[in-house]
Amino acid sequence: IENMNHELRTPLTSIIGYLEVIMDDVDVESEPELVSSLVAVQRNALRLQILIENMMQISKTDFEHVPLVASTVNVGQLLGDVVNSLKLGGDESGVAMTLRLDSSSRDLIIDGDVNQLEQVFVNLMSNAIKFTPRGGMVTVSARRVLADGDYVEVQVADTGIGIPAKEFSNVFKRFFRASTATQASIPGFGIGLSLVHSIVREHHGTITFDSTVGKGTVFTVKLPVRLISKTASDVMT
């Protein structure tokens, strides 16, 4: 897998680089359709780049022991950035995306690895869009929870095809794909949720889900506010 990823990464890096050069020379006002097409190409190239990175991480047998690069993370801001980056893809798929913050921005600050947490939310939201038919909706919400500890809870809910109850126990296994996804010929490798599960566990958090075939799926991530010791002066808004 590592050798394969290297062979994939080299041409993809070149494609993304040349694409950026082309986009810099295109006039948005005079060639809007070309710009739209180039943006779609760029988005899919970046999705491939994310997939390659995910495959590299999932191939490491000792992934659970990879140290976190902990910093102060504003989960509300992070979710907003991810929603904005995926919204165009949702619009093109006919899937509406909404973000609701049920707690103040300051209450959604936690200790964590911002890059790994971004992967968690990109995977969950990308899946929600991919498995939701045109006309559906993806709702992302976040709130501070003080019951049984001190957590920030994030939910990603969709109105998609759902997962059969008999397959629930396999959802976080590597390379598993729900039968509803294969029957609908929706592409994928089944590695995203396995990676998400590992990252959330490394943050001492939990991830659960509920799903009904034909109605949709809700993933719930709970992340502890304090992963490491910090002083008040370290906390940023």
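Scanning the stretch 88-105 for residues that are at pLDDT below 90 and either touching a Cys at 6+ places or on another chain (Cβ under 9 Å) or of a type outside the set (S, T, N, Q) (or both) yields a count of 5.
Glu118 fulfils the conditions (1) charged (D, E, K, R); (2) closer than 21 Å to Leu88 by Cα; (3) modelled with pLDDT of 95 or more except for a single criterion, (3). Comparison of Asn123, Asn84 shows that the only residue that is within 20 Å of Phe209 (Cα to Cα), polar (S, T, N, Q) and at pLDDT below 95 is Asn123. If you filter the stretch 180-192 down to residues that are open to solvent by 30 Å² or more (accessible area, probe 1.4 Å) and of a type outside the set (Gly, Ala, Ser), you find that the one that is modelled with the lowest pLDDT is Phe189. Contact map, the stretch 84-108: first residue of a type in the set (Lys, Arg), second residue assigned to a helix (DSSP H, G or I), Cβ cut-off under 6 Å, separation 6 or more or different chains; the map is empty. Every test in (1) touching a residue at least 40 places away in the same chain (Cβ under 8 Å); (2) farther than 22 Å from Gly80 by Cα; (3) among the β-branched types (Val, Ile, Thr) is passed by Val196 save one, and that test is (2). Cβ separations smaller than 7 Å between residues 6+ apart or across chains give the following pairs from the stretch 143-162 residues that are within 18 Å of Leu117 (Cα to Cα) and β-branched (Val, Ile, Thr) to residues that are open to solvent by less than 30 Å² (accessible area, probe 1.4 Å) and part of a loop (DSSP other than H, G, I, E, B): Val152/Val225. Among the residues of the stretch 37-54, is there at least one that is in contact with a strand residue (DSSP E or B) (Cβ under 9 Å, 6 or more places away or on another chain) and at pLDDT 85 or above? No, the stretch 37-54 contains no residue that is in contact with a strand residue (DSSP E or B) (Cβ under 9 Å, 6 or more places away or on another chain) and at pLDDT 85 or above. Number of residues in the stretch 188-224 that are closer than 25 Å to Asn115 by Cα and part of a loop (DSSP other than H, G, I, E, B): the value is 7.
Taken over the stretch 93-123, the criterion of being acidic (Asp, Glu), in contact with a helix residue (DSSP H, G or I) (Cβ under 7 Å, 6 or more places away or on another chain) and over 18 Å from Thr206 (Cα atoms) is satisfied by no residue. Residue pairs whose Cβ atoms lie under 8 Å apart, separated by 6 or more positions or on different chains, with the first residue in the stretch 165-179 and open to solvent by 90 Å² or more (accessible area, probe 1.4 Å) and the second outside any loop (DSSP other than H, G, I, E, B), are Lys173/Ser194; Arg174/Ile58; Arg174/Ser194; Phe175/Ser194.
The values are calculated or read from the model by the stated rules, or taken from the named source; none is laboratory data. Here the structure is a predicted model, which means the values were calculated and not measured. For neighbour counting, all protein chains shown are included, and Cβ atoms are generated from backbone atoms with ideal geometry for every residue, glycine included. Note: accessible area is taken over every heavy atom of the protein model, side chains too, but ligands, DNA and RNA are not part of it. Shrake-Rupley method; radii C 1.70, N 1.55, O 1.52, S 1.80 Å.
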